[in-house]
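First comes the structure, then the notes that go with it.
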Amino acid sequence: MTPFGKLAIGTLLGLGLLSTSVYADAAKGQRIYQKKLKSVCGMTGGDFAAKHTQMEWEGAKEDGTLTQMMEEACPAGKDFFESGKFQKKFKSHLYDFVYDFASDSGNIPSC
Amino acid sequence: MQKRLLSIAAIASLSTLCLADEAAMQAQIDAMSKKIEKLEKKQTYTNKKLSKVNAQSANDNIKFGIDFRNAVDVVDYRDNTNDTYATNPSLFSSRLYLTMGASPMKGLTFKGKLAIYSTWGSHLYVDDAPLKDWSASSKATDTVMRIKEAYFVYSDAIGAQPISVSIGRRPATNGFLSNYRENEPQPGSPLAHITNMEVNAMMVKLDWGRFIEGAYTKFVYGRAHQGPMENVYGTGSTPWGPYALKESDDKSVDFLVIPGNAYDDGQYQVMYEWAHIFNTKGQKFNDPSTKKDAAGTADLLSLGLKVSGIGDEISDFLDDTTLFISGAYTNYQAKDGFQLLGSTDGGSKSGSSVWAGVIIPDMITDDGKIGFEYNYGSQYWTPMTWAEDTAIGSKIAVRGSAYEAYWNFNLFGVKYLPSQIRYTYVQHDYTPNVNCAGWVAPEKTDITATDLRLAVSYRF
């Protein structure tokens, strides 16, 4: 490898390792919906997210009623929404997904 | 007695005062309740108004996004037979995608992607002969902005059968399985193992989800190459005829592609595709002076399995691991008097390929992934993947073996700065399949090509 190649790869490796911020991920939320909820809820992820506006999803998150709002949007998913895994692991990703694809978001999901 | 009277009077006046205070307080509470009610009504109205404004700014118009990537590729080519060597230690490129999306009503969407993909210090306008409409936004060239994608989709149902129709410049690049190596969150429409080209087409999609989870079939008909025509104004031609086709063996190349999901539950996904290409370019039999003639047809088949997450919540590592394997077959059938890929007169040549990959969490960064891929292609393996974004040419099209490793991560941990380090090693055992050139017979060779790409993007 050329010295330039070595220098560039070293720099990018260093910068990449500075990754420290934890972000919820809408794409991950979309995958979670597809895997865990699509068949249970009987609707696409887009339809589920479009049940509410961005402000409504955001408000529910702030009020601590996000789980309840999701349950209302998909009653068949009650067990999943009330599971410990959902609260601990999936909730933030799924929130990012429904917020990004809310009825007034202008975004169009593929699932 | 007087004292008693005074006490009674004091108690009476105090009670009156208390009653008066209570009434005043009640009046105040009532007034406040009314105010709160009014404010709530106002708040509801404001929320509704805001949603409308939000929808107007996002839904009723085009919503734009940016995907801006800067990359440096270190490319090397070694022809081990002749011991010759070619290299570029620093191929800098910038790629700007201006993405567009709109959904003016339920069931109708428009999507578009304008692209500039240039090498740094490029010529003002690159018109290399092999650069065609079907790869112009996928290969680093000049700073001209081109349309990479622009199509609308209308979805409805005929009885119980959901149906979608679409027309335009399709999302036909970086399809199923190739989005990992491209560090893109979603794949394009087709199976990247056999078709990876920028094309214009019409599409009808039938959803079978009510029978098999996630199943659908798309029927896509389009044109990848326009045969030669008289010029725009028909000058210099007899008889006069703007846009009239010229008499030539170089015919228009149309295609029928049928991709689909056989099953998709979000964890296991099986996709298939059959592509039939009309008027595939080849040459007249035993006449090396000819090329680009409509010499026959090509059929491409692929079947791929992707597993997103191993097992069910065994561990975070396995949940975030992806495995895939895909097999593919190509058959080029020449018509009488012609040959394709060195076939006999009217004969055919077939090839096959395997593509496997694993993508695992990098265990260093929060969302980083490391991927490993392997490709193998036989002597006559000839997929149409020439818009694949690899500086050394399509690695999926290799007639030999290709090995690849990449690390996808977010620079500084910022999700809007997706970045990649990718190393591709390709061993060509037969003539590299780098372009639509059915008149070239794959012959034994020994060429090694490598590409180290470092890329940093801004995506929002």
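It is to be established whether one or more residues within segment B:213-220 are part of a strand (DSSP E or B), open to solvent by 70 Å² or more (accessible area, probe 1.4 Å), within 18 Å of B:ALA201 (Cα to Cα) and away from chain A (no Cβ under 14 Å). Yes, segment B:213-220 contains a residue that is part of a strand (DSSP E or B), open to solvent by 70 Å² or more (accessible area, probe 1.4 Å), within 18 Å of B:ALA201 (Cα to Cα) and away from chain A (no Cβ under 14 Å). Filtered by the rule that a residue be among the hydrophobic types (A, V, I, L, M, F, W, C), within 14 Å of chain B (Cβ to nearest Cβ) and in a helix (DSSP H, G or I), segment A:54-107 gives A:MET55, A:TRP57, A:ALA60, A:PHE80, A:PHE86, A:PHE90, A:LEU94, A:PHE97.
In segment B:167-179, the residues that are in a strand (DSSP E or B) and open to solvent by less than 20 Å² (accessible area, probe 1.4 Å) reach residues that are modelled with pLDDT of 95 or more and basic (Lys, Arg) with C-beta atoms within less than 8 angstrom, at least six apart or across chains, in these pairs: B:ARG169/B:LYS148; B:PHE176/B:LYS306. Residues that are within 30 Å of A:HIS93 (Cα to Cα) and of a type in the set (Lys, Arg) within segment B:379-433 comprise B:LYS415, B:ARG422, listed in sequence order.
Across segment B:394-430, the qualifying residues are those that are touching an Asp or Glu at 6+ places or on another chain (Cβ under 9 Å) and part of a loop (DSSP other than H, G, I, E, B), and the one among them that is most open to solvent (accessible area, probe 1.4 Å) is B:LYS415.
Could you check, for segment B:92-110, whether at least one of its residues is among the charged types (D, E, K, R), assigned to a strand (DSSP E or B), open to solvent by less than 60 Å² (accessible area, probe 1.4 Å) and within 11 Å of chain A (Cβ to nearest Cβ)?
no
The condition of being under 20 Å from the mean Cα position of the chain (by Cα) and over 26 Å from A:ARG31 (Cα atoms) holds for B:ALA201.
Looking only at segment B:122-138, which residues are open to solvent by 50 Å² or more (accessible area, probe 1.4 Å) and in contact (Cβ under 8 Å) with a residue 40 or more places away in the chain? The answer is B:PRO130, B:LYS132, B:ASP133. Here B:ALA102 clears all of (1) within 30 Å of A:THR44 (Cβ to Cβ); (2) modelled with pLDDT of 90 or more; (3) within 19 Å of the chain's Cα centre (by Cα) except the condition numbered (2). Selection of segment B:254-293 for residues being touching a residue at least 60 places away in the same chain (Cβ under 8 Å) and of a type in the set (A, V, I, L, M, F, W, C) yields B:VAL257, B:MET271, B:ALA275, B:ILE277, B:PHE285. B:ASP156 meets each of the listed conditions (1) outside any strand (DSSP E or B); (2) surrounded by fewer than 17 Cβ atoms within 10 Å (Cβ to Cβ); (3) of a type in the set (D, E, K, R); (4) away from every other protein chain (no Cβ under 14 Å) apart from (1).
Out of everything in segment B:382-391 that is more than 14 Å from chain A (Cβ to nearest Cβ), in a loop (DSSP other than H, G, I, E, B) and under 20 Å from the mean Cα position of the chain (by Cα), what residue ends up being nearest to B:TYR458 (Cα to Cα)?
So, considering only residues that are more than 14 Å from chain A (Cβ to nearest Cβ), in a loop (DSSP other than H, G, I, E, B) and under 20 Å from the mean Cα position of the chain (by Cα), the one nearest to B:TYR458 (Cα to Cα) is B:ASP389.
Cβ separations smaller than 8 Å between residues 6+ apart or across chains give the following pairs from segment B:403-425 residues that are facing chain A (nearest Cβ under 9 Å) and without any contact (Cβ under 8 Å) to a residue 24 or more places away in the chain to residues that are of a type in the set (Ser, Thr, Tyr) and surrounded by 21 or more Cβ atoms within 10 Å (Cβ to Cβ): B:PHE412/A:SER19.
Of all the listed residues (B:THR321, B:THR330), the sole one being within 26 Å of B:ALA397 (Cα to Cα) and more than 14 Å from chain A (Cβ to nearest Cβ) is B:THR330.
Scanning segment B:369-393 for residues that are open to solvent by less than 10 Å² (accessible area, probe 1.4 Å) and of a type in the set (Gly, Ala, Ser) yields B:GLY371, B:GLY377, B:ALA387. Inside segment B:231-277, residues that are open to solvent by 70 Å² or more (accessible area, probe 1.4 Å) and either in contact with a Leu (Cβ under 8 Å, 6 or more places away or on another chain) or within 14 Å of another protein chain (Cβ to nearest Cβ) (or both) make up a count of 3. Say we look at segment B:343-381 and pick out the residues that are within 14 Å of another protein chain (Cβ to nearest Cβ) and touching a residue at least 60 places away in the same chain (Cβ under 8 Å); which of these is nearest to B:ASN410 (Cα to Cα)? The extreme case among them is B:LYS369. Restricting B:LEU318, B:LEU341 to residues that are aliphatic (A, V, I, L, M) and open to solvent by less than 10 Å² (accessible area, probe 1.4 Å) narrows the list to B:LEU341.
Within segment B:236-279, the set of residues being in a strand (DSSP E or B) and polar (S, T, N, Q) comprises B:ASN261, B:GLN269, B:ASN279. Restricting segment A:43-53 to residues that are more than 10 Å from chain B (Cβ to nearest Cβ) and in a loop (DSSP other than H, G, I, E, B) leaves a set whose member that is least open to solvent (accessible area, probe 1.4 Å) is A:MET43. Among the residues of segment A:73-111, how many are free of Cβ contacts under 8 Å to residues at least 12 places away in the same chain, open to solvent by 70 Å² or more (accessible area, probe 1.4 Å) and more than 15 Å from the chain's Cα centre (by Cα)? Number satisfying all stated conditions: 3.
The values are calculated or read from the model by the stated rules, or taken from the named source; none is laboratory data. In this text the structure is predicted, and so the values were computed from the model without any measurement. Note that each Cβ is placed from the backbone with ideal geometry, even for glycine, and that neighbours are counted across all protein chains shown. With ligands, DNA and RNA removed, areas are computed over all heavy atoms of the protein, side chains included. Shrake-Rupley method; radii C 1.70, N 1.55, O 1.52, S 1.80 Å.
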